[in-house]
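Working notes, beginning with the structure itself.
Just so it is clear, none of the values below were taken in a lab; they were calculated from the coordinates. Being a predicted model, the structure only gives us computed values, none of them experimental. We place every Cβ from the backbone using ideal geometry, glycine too, and count neighbours over all the protein chains shown.
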Ligand code: SF4
Ligand code: SF4
């Protein structure tokens, strides 16, 4: 891919990402602090110390400078799209600097295309990767989550699917997750 297209696409993608991140600045999976139940399991390092959250395309822009109180590293991560980045943290971060994937977790966005012009829609679903670490999916599925959280996830999704670069990321990630569940 040349450099010009990403350069042109970046401002709109960053606006969509910024709005989505803001929508999910306050809503949390439960009304109470779910991290008290699991000692914030989703923020703990695995045995390699190299786990982290995949950033959306262009989201590395929010991490181009050091952030006080938030030690992190960005590493290349091509599992979804070439040129992808993963943020590896040390298990704590100021909430306002949390990556979008962390704000969505343990949900993710399922993209469907419908209507006469195959418009994309985003619905919240439980992230299949969360079952291994998060106690919430076992509590009764999506209805057990705070409605305000599910609503904010879907509102964020509605913003993201209007940007082709972010939509591509969500669709490719979904295809890869679906494929891994079929194996
Ligand atoms: S693992 Fe699940 S319950 Fe624990 S803090 Fe993360 S989202 Fe909340
Ligand atoms: S960036 Fe923050 S929310 Fe995300 S895994 Fe690290 S400590 Fe947890």
| field | Overall Cα dimensions of the range 88-139 - principal axes, largest extent first, Å | value | 46, 28, 17
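222 nm [θ] for the chain, helices only, -39500 (n - 2.57) per DSSP H run of 4+, per residue, to 500?
Details: 5 runs with 62 residues, N = 183.
So the calculated ellipticity at 222 nm is -10500 deg cm²/dmol.
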| note | Once both label points are put 7 Å beyond Cα along the C-beta direction, the residue 31-residue 48 separation in nm becomes 4.0
| request: Run the quick spin-label model on residue 7 and residue 171: label points 7 Å from Cα toward the beta carbon, then report their separation in nm to one decimal. | output: 2.7
| field | Separation of alpha-carbon centers, the range 108-163 and the range 18-86, rounded to whole Å | value | 17
| remark: Output for the range 106-183 (equivalent-ellipsoid semi-axes, sqrt of 5λ from the C-alpha gyration tensor, Å, descending) is 22, 17, 10
| query | Distance in nm between label sites at residue 132 and residue 146, each 7 Å beyond Cα in the beta-carbon direction? | reply | 2.8
| note | Kirkwood radius from Cα pairs of the chain plugged into Stokes-Einstein at 25 °C, 0.890 mPa s, gives D in µm²/s equal to 143
| query | Which translational diffusion coefficient, to the nearest whole µm²/s, is obtained for the range 1-78 from the Stokes-Einstein equation, given a Kirkwood hydrodynamic radius over C-alpha pairs, 37 °C and 0.692 mPa s? | reply | 213
